[in-house]
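Rule-based calculations on the coordinates, nothing more; no lab input. Everything numeric in this text was worked out from a predicted model, so none of it was measured. Virtual Cβ from ideal backbone geometry, glycine too; neighbours counted across all protein chains shown.
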Amino acid sequence: MTDDTDVWKIASAADAARARAAAAGIVVAAGTPALDRARFLTSLSARLRNCLDQGGTWELRLLTGGTEHEGRLDVRLRPFDGGTAQNEPACEPVLSCPLPNPPAPGGRVGRPTSPSRALLSADEDTAAVLRLLDEQERLVQLHREELHQTNQGVLALHSDLEAAALAQRELLEAERSARAEVERARRLLNFLADASAAITSSLSPTEVLRRLTDLLVPEYAARLDVWLFDEEQGDEEGPVQEHSRAAVVAARTGRPQHAAAHPGNLPGTDDLPPAAMSPDRPLLAIPLITHRLLGVLTLIAPGPRFDADTCLMLVELGRRAGVALDNARRYEQHRDTAEALQRAQLTELPDPDGLLLAARYLPATQGMNIGGDWYDAFLQPDGSLLAVIGDVTGHGMHAAVVMGQLRTALRAYAVEDNSPAEILTRLHRMLRHLQPQLYATAMIARFRPGDPEVVWASAGHPPAVVRDADGSVRILDDAPGVMLGIPIAFTYADHVTRLPAGSSLVLYTDGLVERRAHGIDPGIERLRQALAGLSTPELEQDLDAAAEALLKPLMHDSERDDDVCLLLCHTVTYPAS
């Protein structure tokens, strides 16, 4: 497509209007969109007004060009002075407008248009622009409404999100609180279980109270006091003036009492004014109750208050402490009675010619393992002596009573001059008949004056140990008979061993040599070594000291799980006549 040019002289407003009308005609004929057309013509009008304001004559050139399918209209404005204007550069940049349907080649680019026609055309452009503006305004309004709705939705969403976040925070806080409560409850329950195991595992009231103090102070109590009622005084008596009013009220009512400046409102607990012994910190008095009221446990709070969960745990621990103390007291009573009965039945050793005797009885220090072990030594009408050691299964009062029965029956059977084996056989039948659920072990040795041989028999008892005059030690490990009372018929056999002057025979119960972790054999070996370490002069000068020397290496620990009986027999040469 070739370029066409149309030149206009602009010296007045009418010239400017005709030139603008010509440009408008070109863009209208070319089908330029109304908005592009309005922008183009508005810019052209502004330039023309600027030219008129400057005065003089101006030249306006309208140039159409472009390609076959896409054209444009270029407008150039420059001052006109004679015939030289075309050689001067334009005052402003070229103003262009697209022409979708450019004019045919060689056609006239501009058409003279009257001012009125141009004015009407301008109104048409303005109307088109206004229509476009109306449409755009309508679209803007729609978008504004959509934006408003969107904003409202966003605000509602933000509100929902904030509410959800708040609810989530509340749930998380509730979960953390619940977890903390569960953890705290778990910790209190674990403590209660461990503390209960600790205080109930001891059968000593003093040890129970010591463990209770170690468990509660200082985490659960700044200070602890236990008021135990004396058996002789009864539950309601005693030096109440030495204890807090809360402890006295707890003793009288059997209910826990909380004394503080402000009510604690603790479950199952009554509130009292602050105690004189603790005016600044709360005090909790817990009755120690089993089948009866044993006393009162008084705790001073480690902090400003006792909380409800801790109070429940402490009250329950107080109940269990009461059970532990009651069991310990009952145990001590049974233990003391059994030990007294046991010692009352132990024989005062005789003093036969040619034979030295020493005996020891040590009650168990742990549990109720008292009442089954015994020793005996007594002379027969023919001058012989029977040395006896025995151990009844079971412990406590019942075992002590059965032990007394066996001791009495053994002495009765021995009066008939029966041998050790015959005595054991008769004891076996008696125990099977009288106490079918109770068994015993026993060993009997018969010493005859001037006879270097000893006759002995054993019913399931640990083997005796012999120290010969030359210092060598041996074990009487012949197979023993069955335990007394086993539900089978059995006849025991006598055994003979040499025991010349200067020799020793050690009879003992299993509590001396047996340990749960190691069995009985290591203990028998320690006894053998201890006996080998004694000399004949030591044995004959002080047999009691020799017995202590035998016990020392085997009883190095102060705690004993079982009774211990030891009977040491030493033969000496008859004094010369």
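Quickly estimate the mean residue ellipticity at 222 nm for the chain, helices only: each DSSP H run with n ≥ 4 gives -39500 (n - 2.57), and the total goes over all residues, rounded to 500.
Value at 222 nm, helices only, nearest 500: -15000 deg cm²/dmol.
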**Request:** Would you compute, for the Cα atoms of region 412-512, the largest minus smallest coordinate along each principal axis and list the three values in descending order, in whole Å?
**Result:** 45, 31, 18
**Message:** Using just the Cα positions, wrap region 137-179 in a convex hull and report its mean projected area in square nanometres, one decimal place.
**Reply:** 2.4 nm²
**Item:** Coordinate range along principal axes, alpha carbons of the chain, Å, largest first
**Value:** 186, 62, 45
**Prompt:** Rounded to the nearest 5, what % of the DSSP beta bridges within region 156-311 are antiparallel ones?
**Reply:** 85 percent
**Prompt:** Any idea how far apart residue 192 and residue 152 come out in nm if each label point goes 7 Å out from Cα toward Cβ?
**Reply:** 5.9 nm
**Request:** Kindly work out what percent of the DSSP beta bridges joining two residues of the chain are antiparallel, to the nearest 5.
**Result:** 95 percent
**Request:** Quick one, can you get me the convex hull of the C-alpha atoms of region 467-577 expressed as volume per residue in Å³?
**Result:** 145 Å³
**Message:** Taking 56 Å as R0, compute the FRET efficiency from the Cβ-Cβ separation of residue 316 and residue 135 and round it to 0.05.
**Reply:** 0.10
**Asked** So between residue 184 and residue 144, what do we pick up on full extension, going 0.36 nm a residue minus the alpha carbon distance?
**Response** 8.6 nm
**Prompt:** What ranking do 268-279, 26-37 get when scored by the average of other Cβ atoms within 10 Å per residue, highest first?
**Reply:** 26-37, 268-279
**Complete:** So the compactness index of region 122-272, its C-alpha Rg divided by 2.2 N^0.38 Å, takes the value 2.54
**Request:** Taking the Cα centre of region 411-530 as origin, sum charge times position over the Cβ atoms of Lys and Arg (+1) and Asp and Glu (-1), and report the length of that vector in debye to the nearest 20.
**Result:** 340 debye
**Prompt:** In percent, how large is the relative contact order of the chain, given Cα pairs closer than 8 Å and 6 or more residues apart?
**Reply:** 10 percent
**Request:** Obtain the radius of gyration and the Kirkwood radius of region 156-213 from its C-alpha atoms and give Rg over Rh.
**Result:** 1.52
**Item:** Cα-based Rg and Dmax for region 391-455, where Dmax is the largest Cα-Cα distance (Å)
**Value:** 13.2, 42
**Item:** Per-pair calculated FRET efficiency, R0 = 25 Å: residue 219 and residue 277 via Cβ, rounded to 0.05
**Value:** 0.75
